[in-house]
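The values are calculated or read from the model by the stated rules, or taken from the named source; none is laboratory data. From a predicted model like this one, the values you see are computed outputs, not experimental measurements. All Cβ positions, glycine included, derive from the backbone under ideal geometry; neighbour counts span all protein chains shown. Note: areas computed on protein heavy atoms with side chains; ligands, DNA, RNA excluded. Shrake-Rupley method; radii C 1.70, N 1.55, O 1.52, S 1.80 Å.
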Amino acid sequence: MTDQSSNQMWGGRFAAGPDAIMEAINASIGFDKRMAAQDIAGSRAHAAMLAATGVITDNDAEAIREGLLTVLSEIESGSFQFSTALEDIHMNVEARLKEVIGEPAGRLHTGRSRNDQVATDFKLWVRDQFDAAEKGLLALIKALVDQAEAGADWVMPGFTHLQTAQPVTWGHHMMAYVEMFGRDLSRVRDARARMNESPLGAAALAGTSFPIDREMTASALGFDRPAANSLDAVSDRDFALEFLSTASICAVHLSRFAEELVIWSSAQFRFVTLSDRFSTGSSIMPQKKNPDAAELIRAKVGRIFGANTALMMVMKGLPLAYSKDMQEDKEQVFDAADNWMLALAAMEGMVKDMTGNRESLAAAAGSGFSTATDLADWMVRVLKVPFRDAHHVTGALVAMAEGRGCDLPDLSLEDMQGVHEGITEDIFNVLGVENSVNSRMSYGGTAPAQVRAQVQRWKEILAG
């Protein structure tokens, strides 16, 4: 086979032959340039430490510091020319630094490797994303708490299997998501604390013979401590996996809420009205208002889950220490982070702007025999009937009401006594949805008083 026919097999993009293919598969600058600020921060800390320990001169360290600031300025202004031939962000920065300051640039890499350098850069980048996620979650939780406080006593149907179950309050439903996103917030903070160890100074895999001070660089970069094992330091991508798993669990919560907003905003439910800012119209049906933001949040879960699975697959069979496979760790995380932050911001915006339709919620709360459990509980509490017997009586009354096309409160006392003679007029005080929700005073229950107590608890958490 001739070289020409081989090139045709690779396709026009790789007409130059094997060198072009290797450059394309090996280079990461197309995506890891997002870590430029972190890369330069790590290099500045490393250079300062090298000078402090006498490995390089103060003059060289100062030249490196000033040169790196120049490079950062060029990157931020958009004038920096990234080169695929230089493979990654580390070599692109170092090559440009040499052009700017000359010989001292060659001393910057003393006592480190690209292995610990990339691990440090990536950790710094992921840490920044955890901080952004924390802010996004706090803002979303506050918006939900505000909705809960405004509608603490609004009655609405509670569902199981998406079938009417028992009346609850709007505030109680909002606070359920506060608890969910509160756990997400806890996971974010927990994972961030666990990842906050510096790989810098682990070098290629075994550490270095230079008298470096890893405590100094760790402190300068905001890490709690240096990583304790050099092999692990360059091999570890647990922090990225934890970021993706935390994002995935939060995405589940975002998607569940998005699904409810899609259902609730439909003409069949009319539980909520979403603002025009987070809805779109139809190109041919002028009456429609589509909950596109909620639907897109629901869809983005797939990308976040996919990133989590992809990185798990990359890491699952790698021996220690560094393997080039690990270059595939970043694109998944970058994409997941972008979509997680966007989903958090969009959900916060929808929650802040949405209007609960109190009348529609109340009308739905009293339908579907939602107070049947209250009737059974009343018989147990007042008539001392065993719960299983009370359940049977209530079922018979529901069947009677269903056959007549009415709800339980519409049955007469005589109708009810025909099924169980012990039922009294007091039962009608139980069958109202307002009475039902007010009676649920157990801790964490749906009673407005309990909802307001939880709102206050979360206000104190958010203020702290």
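Structure values in brief
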read-out: Lone unmet requirement of (1) open to solvent by 40 Å² or more (accessible area, probe 1.4 Å); (2) in contact (Cβ under 8 Å) with a residue 40 or more places away in the chain; (3) more than 17 Å from residue 367 (Cβ to Cβ) for residue 435; value: (3)
read-out: Qualifying residue in the stretch 247-258 (condition: free of Cβ contacts under 8 Å to residues at least 24 places away in the same chain, within 28 Å of the chain's Cα centre (by Cα), within 30 Å of residue 360 (Cα to Cα) and open to solvent by less than 50 Å² (accessible area, probe 1.4 Å)); value: no
read-out: Members of the stretch 159-198 that are in a strand (DSSP E or B) and in contact with a helix residue (DSSP H, G or I) (Cβ under 9 Å, 6 or more places away or on another chain); value: 164, 165, 166, 167, 168, 169, 197, 198
read-out: Residues of the stretch 416-432 that turn out to be in contact with a helix residue (DSSP H, G or I) (Cβ under 8 Å, 6 or more places away or on another chain) and open to solvent by 70 Å² or more (accessible area, probe 1.4 Å), as a count; value: 3
read-out: Boolean, residue 326 is under 18 Å from residue 123 (Cβ atoms), assigned by the TED database to the domain that holds residue 271 and hydrophobic (A, V, I, L, M, F, W, C); value: yes
read-out: The lone exception for residue 309 - which of (1) assigned to a helix (DSSP H, G or I); (2) open to solvent by 40 Å² or more (accessible area, probe 1.4 Å); (3) within 23 Å of residue 34 (Cα to Cα); (4) in contact (Cβ under 8 Å) with a residue 12 or more places away in the chain it fails; value: (4)
read-out: Elements of type helices (runs of 4 or more DSSP H) in the stretch 53-158, at least 3 residues being at pLDDT 95 or above, open to solvent by less than 10 Å² (accessible area, probe 1.4 Å) and touching an Asp or Glu at 6+ places or on another chain (Cβ under 8 Å); value: 114-150
read-out: Residue satisfying condition, being of a type in the set (Gly, Ala, Ser), more than 13 Å from residue 347 (Cβ to Cβ), in contact with a strand residue (DSSP E or B) (Cβ under 6 Å, 6 or more places away or on another chain) and modelled with pLDDT of 95 or more, within set 227, 240; value: 227
read-out: Residue 152, sole failed condition from (1) out of contact with any strand residue (DSSP E or B) (no Cβ under 8 Å at 6 or more places or on another chain); (2) within 30 Å of residue 408 (Cβ to Cβ); (3) of a type in the set (Gly, Ala, Ser); value: (1)
read-out: Members of the stretch 181-220 that are open to solvent by less than 40 Å² (accessible area, probe 1.4 Å), assigned by the TED database to the domain that holds residue 251 and under 28 Å from residue 137 (Cα atoms); value: 181, 182, 184, 185, 188, 191, 195, 196, 198
read-out: Near pairs, Cβ below 8 angstrom, 6+ apart or cross-chain, from the stretch 362-376 (touching a residue at least 40 places away in the same chain (Cβ under 8 Å) and open to solvent by 40 Å² or more (accessible area, probe 1.4 Å)) to any residue that is assigned to a helix (DSSP H, G or I) and among the hydroxyl-bearing types (Ser, Thr, Tyr); value: 373/394
read-out: Residue within the stretch 444-453 that is open to solvent by 40 Å² or more (accessible area, probe 1.4 Å), outside any helix (DSSP H, G or I), over 30 Å from residue 290 (Cβ atoms) and not small (Gly, Ala, Ser) present; value: no
read-out: Whichever residue in the stretch 319-361 is closer than 20 Å to residue 27 by Cα and open to solvent by 30 Å² or more (accessible area, probe 1.4 Å) and, among such residues, is modelled with the highest pLDDT; value: 335
read-out: Those residues of the stretch 405-414 which are out of contact with any Leu (no Cβ under 8 Å at 6 or more places or on another chain) and either surrounded by 14 or more Cβ atoms within 10 Å (Cβ to Cβ) or over 20 Å from residue 165 (Cα atoms) (or both), in sequence order; value: 407, 412, 413, 414
